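This report refers to the structure that appears directly beneath it.
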Amino acid sequence: MTAQIISGKEVSAQVREQLKKDVEQMKLKDPNFRPGLVVLQVGGREDSNLYISMKLKAAAEIGINAIHMKLPKTATEEEVLHSIREVNENSSVHGLIVQLPLDSIHKINTEKVTNAVAPEKDVDGLNHRLTSINAGKLSRGDLGDCFIPCTPNGCMELIRQTGLSVAGKRAVVIGRSKIVGAPMHDLLLWNHATVTTCHSKTADLAGEVGKADILVVGMGKAEMVKGEWIKKGAVVIDCGINHIPVDQTKSSGKRVVGDVHFASAKEQAGFITPVPGGVGPMTVAMLMGNTVLSAKRFLENHQAGKWGISYNKLSLQKPVPSDIAISRSCVPKPIDRLAREVGLLSDEVEFYGKTKAKVQLSIIKRLQSQPDGKYVVVTGITPTPLGEGKSTTTVGLVQALGAHLKLNVFACVRQPSQGPTFGIKGGAAGGGYSQVIPMEEFNLHLTGDIHAITAANNLVAAAVDARMFHEATQSDKALYNRLVPLSGGQRTFSPVQINRLKKLGIEKTDPSTLIDEEITRFARLDIDPSSVTWQRVLDTNDRFLRKITIGQSPTEKGYTREAQFDITVASEIMAVLALTSSLEDMRQRLAKMVVATSRSGDPVTTEDLGVSGALAVLMKDAIKPNLMQTLEGTPVFVHAGPFANIAHGNSSILADKIALKLVGPEGFVGKMTEAGFGADIGMEKFFNIKCRYSGLRPHVVVLVATVRALKMHGGGPIVTAGMPLPKEYVEENLELLKNGCSNMRKQIENAKHFGVPVVVAVNGFKTDTQVELDLVCSMAKAAGAFDAVCCSHWAEGGAGAVALGQAVQRASEAPSDFKFLYDLDLPISDKIRIIAQKIYGADDIELLPEAQHKVELYTKQGFGNLPICMAKTHLSLSHEAEKKGVPTGFVLPIRDIRASVGAGFLFPLVGTMPTIPGLPTRPCFYDIDLDTETEQVNGLF
């Protein structure tokens, strides 16, 4: 009886159809996901081209994103290895095939090349680098998570199609290549066959073949195995592909045959594969199967929120050592390990040393279909000049939620300015046993974001003054000819100049076609020097730069003007960084920044100056959030650090969005974000500005309060930074404390205006009595807080904030009805009035003449629908810093209003405030020094 033909075409079609369904199922789970395959070819052999086209066609049918990476015949071994390393690091690629042979004019070690393929992407199953991966696992029978080489795997599938049970059968494999023979032997063996491997030196090959119930042939010799050798009823799998020049009917004069003489063998065998149409199609199908399997494993291993994080155990000491001593006592995890633990892929992270890294924005696209975690904002009551520990509480809370309650959690905090670090305030990494580490790296240069902002800001300032100078000293024609210079005999507009022409309504792209009137309009910004609002910046406290005169050199021909420096974190570019949602969004915001007004009353932007594209280049790395960690090993994003008075005082939207995705839906509390100063400033701006632009909705407000600050609000003596606390603050005084709780009550009320539950965190100090702490908690609950909890995280780390973490956990499940405080379409003055009356408790506002003029100007210029960012003192609910508690009966004076159009808000100025701090008599830098032996920084706090 003639053997049944095992059609590889039919079986492979069934396999591909199932794989197509598998890919569709993956897309249902994540619509943005597609399995990725790269086929790397060196040279251009015709047979290789044919095989590759078959693979690419099969991949396209299944839904695999397949890329043909073709290197020239001149490619060296190192160039091939470099290409492989790049693909290994590409998280969108799940399978990498190196097409053999490598057709190069140079000598290339094929085994070295195939072994360079990452094991998890080795869908060919050819990596022999270690016994623990793929081929090694196969040889040990460890088949659970390795990739089985495609041709042997296809052969096994064809054997299964016959219905024959392999277990207990005698199998003969002819050929011992690493691609077919050796892995085929292992596969049959671990499927419980008794296996004999034969080769060209085997004695009595025909006799060995005659014993086989299953015969697999892969010798590469045309029709070597004769029909009479084969046992009656055997399963014959022919892996050979040979071309013999005998068939004159073929256009090539050749026909394709296998290693088995088909005509005679089919008379003996029970089942047999044809050539072509047998094993060949199965090899491609199995290759696709391994790629889909790799993609499934990738999805399984990189589910959002599926963390395998380890935590650092603190060794608490009493008394509590200095912040820097504690920071150095804890060895941080390598940042690459932390990145892996929280689900970041290798190509999504840029390392800056061993303890900090930047995260690529590409992760947003990868995780965009994932649900967010819970969103928590940490704010505070109106503080003393010493601060009340929002940063410390933020860190303590995430340590509690992560290291102690075992929840996925991220902290998102602002990057501190170096000005206060060397001035009077010191660092901002938290304190005690609740810190971001290493604190010296956190408080100093970090990854250079603030320096990038300084460079970008000052480039704009230089462009403003240079443009006014050149316009004042040149004719229209001369100015135009320099703005659009001849190059190679032609004048060409740059893209940013085309944008300006469009803004002016000039639809021309050839510089030679502009008429005189158009040349004048294009070339002259006609900036009114008195209207320039853009200042230079420096990340240093320097009171003598608050008012300066620029242009005093003779080369500036008498074009001087009064100007000033701000501290870098007060730059609008910092606010843009904090509020942007993508690189494209940042580019647009940078272009919209208004630097001055023309003499005709039109706003002049950085796009008009032609500098906006250069700003985006300077900021392209700063836009990536910085990854660090806490003392207990929980992850932290440190990104952006806008001033909390003249800007909105919150860490970046991008860091928040990425963190919320990374913690995943099971991460009960998604993240903490710190809002600068008291709730009347940082929290109000967080809700009304940041949440408007981000689209995120918070679940809980954590309001930090301290006994000392509440005593101050109850009528206690003045608190001065750098001076000992008066005795009222270190001794029990319930009357002062009870009176001062009015400020906490007002800030709870402020948070509840937005419909979000409030948990009060009472940050305890060693001088606080239990009676005082209990009084604050009871009064907070009576004022409407969801809960109030005493915390000791400064002295105990996360363990001291576990009760706070549990309260936040419960509050995040409570009903909430988030709403904004005002509608953007209201007139500017009405929006200011709503904030003043509802948040500060003012009776009304008073617009002074300059502020009234700005209301009219910005309304006319189209900026009236921007949110409001109030610039006022943080030391009182009112505009007068010395008025504590809850001032009443006051009218809030609005001295001026300025526009941060790129950032996206108007900031009314309430009273006067410096935008660059000064140094005290004894700055912090007296204590800061470098140990030149160990290179350790000493004296930071």
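Each value in this text was obtained by applying a stated rule to the coordinates, not by laboratory testing. Everything numeric in this text was worked out from a predicted model, so none of it was measured. For neighbour counting, all protein chains shown are included, and Cβ atoms are generated from backbone atoms with ideal geometry for every residue, glycine included.
Values as computed for the structure displayed
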item: Mean separation of Cα contacts under 8 Å (6+ apart) over length of the chain, as relative contact order %; result: 12 percent
item: Förster radius 51 Å - calculated FRET efficiency between Glu46 and Gln14 (Cβ-Cβ, nearest 0.05); result: 0.95
item: FRET efficiency estimate (nearest 0.05) - Cβ-Cβ, Glu61 to Thr520, R0 45 angstrom; result: 0.15
item: Over 23 Å [Cα-Cα, segment 828-909], rounded percent; result: 19 percent
item: In order through segment 393-398: 3J(HN,Hα) via Karplus (6.51 cos²θ - 1.76 cosθ + 1.60), integer Hz, x for Gly, Pro; result: 5, 4, 5, x, 5, 5
item: Value of relative contact order over segment 335-414, rounded to a whole percent, pairs C-alpha under 8 Å and six or more apart; result: 15 percent
item: Gain in span if fully extended, Gln4 to Thr720, counting 0.36 nm per residue against the direct Cα distance; result: 248.2 nm
item: Ratio Rg/Rh, restricted to segment 783-923 and using Cα atoms, in which Rh is the Kirkwood radius; result: 1.08
item: Of every Cα-Cα pair in segment 574-646, the percent that sits beyond 17 Å; result: 55 percent
item: Label point distance in nm, Asp30-His753, each placed 7 Å from Cα along Cα→Cβ; result: 4.2 nm
item: Over the chain: helical MRE at 222 nm, DSSP H runs n ≥ 4 each giving -39500 (n - 2.57), nearest 500; result: -10000 deg cm²/dmol
item: FRET efficiency, Gln490 to Ala462 (Cβ-Cβ, R0 30 Å, nearest 0.05); result: 0.60
item: Taking Cys924, Cys777, Cys791 and counting other C-beta atoms within 10 Å, the order from fewest to most; result: Cys777, Cys924, Cys791
item: Share of pairwise Cα separations in segment 393-549, more than 27 Å, in percent; result: 53 percent
item: Alpha carbon convex hull of segment 450-618, volume per residue in cubic angstrom; result: 134 Å³
item: Angle between the chain longest axis and helix 802-812 axis [Cα atoms, degrees, rounded to 10]; result: 80 degrees
item: log10 of Debye I(q)/I(0), alpha-carbon scatterers only, for segment 356-395 at 0.18, 0.32, 0.35 Å⁻¹; result: -0.76, -1.07, -1.13
item: Mean separation of Cα contacts under 8 Å, 6 or more apart, over the residue count of segment 180-333: relative contact order %; result: 17 percent
item: Cα pair distances of the chain binned at 20 Å [whole percent]; result: 12, 34, 27, 18, 8, 1
item: Per-residue HN-Hα couplings for segment 843-853 [Karplus 6.51, -1.76, 1.60; θ = phi - 60°; Hz; x = Gly/Pro]; result: 6, 6, 10, 10, 8, 6, x, 5, 5, 5, 4
item: Exposure proxy ranking, count of Cβ atoms within 10 Å, fewest first, for Arg16, Arg692; result: Arg692, Arg16
item: Links that overshoot a 32 Å alpha carbon limit, given the list Lys624/Lys819; Lys620/Lys819; Lys592/Lys752; Lys121/Lys624; Lys819/Lys854; Lys9/Lys365; result: Lys620/Lys819; Lys592/Lys752; Lys9/Lys365
item: Radius of gyration and maximum dimension Dmax of segment 319-362, Cα, Å; result: 13.6, 45
item: Two-site label geometry, His82 and Leu504: point separation in nm, points 7 Å out along Cα→Cβ; result: 4.6 nm
item: Pair Asp843, Thr932: separation of 7 Å Cα→Cβ label points (nm); result: 6.5 nm
item: For segment 439-485, alpha-carbon Rg and Dmax in angstrom; result: 17.8, 56
item: For Phe686, Phe786, order by how many other beta-carbon atoms lie within 10 Å, fewest first; result: Phe786, Phe686
item: Aspartates and glutamates whose Cα lies under 15 Å from that of Lys226, excluding same-chain neighbours fewer than 8 positions away; result: Asp204, Glu208, Asp238, Asp259, Glu267
item: Nearby aspartates and glutamates by direct alpha-carbon distance to Lys178 (threshold 13 angstrom, same-chain neighbours under 8 apart not counted); result: Glu111, Asp124, Asp186
item: Reachable aspartates and glutamates from Lys508, criterion Cα separation under 13 angstrom, eight or more residues apart if same chain; result: Glu518
item: Cut-off 14 Å, label 7 Å out along Cα→Cβ of Val617, residues of segment 435-468 by amide N; result: 456, 459-460
item: Zone residues, segment 774-805, relative to Ser329, backbone N less than 18 Å from point 7 Å out along Cα-to-Cβ; result: 792-801
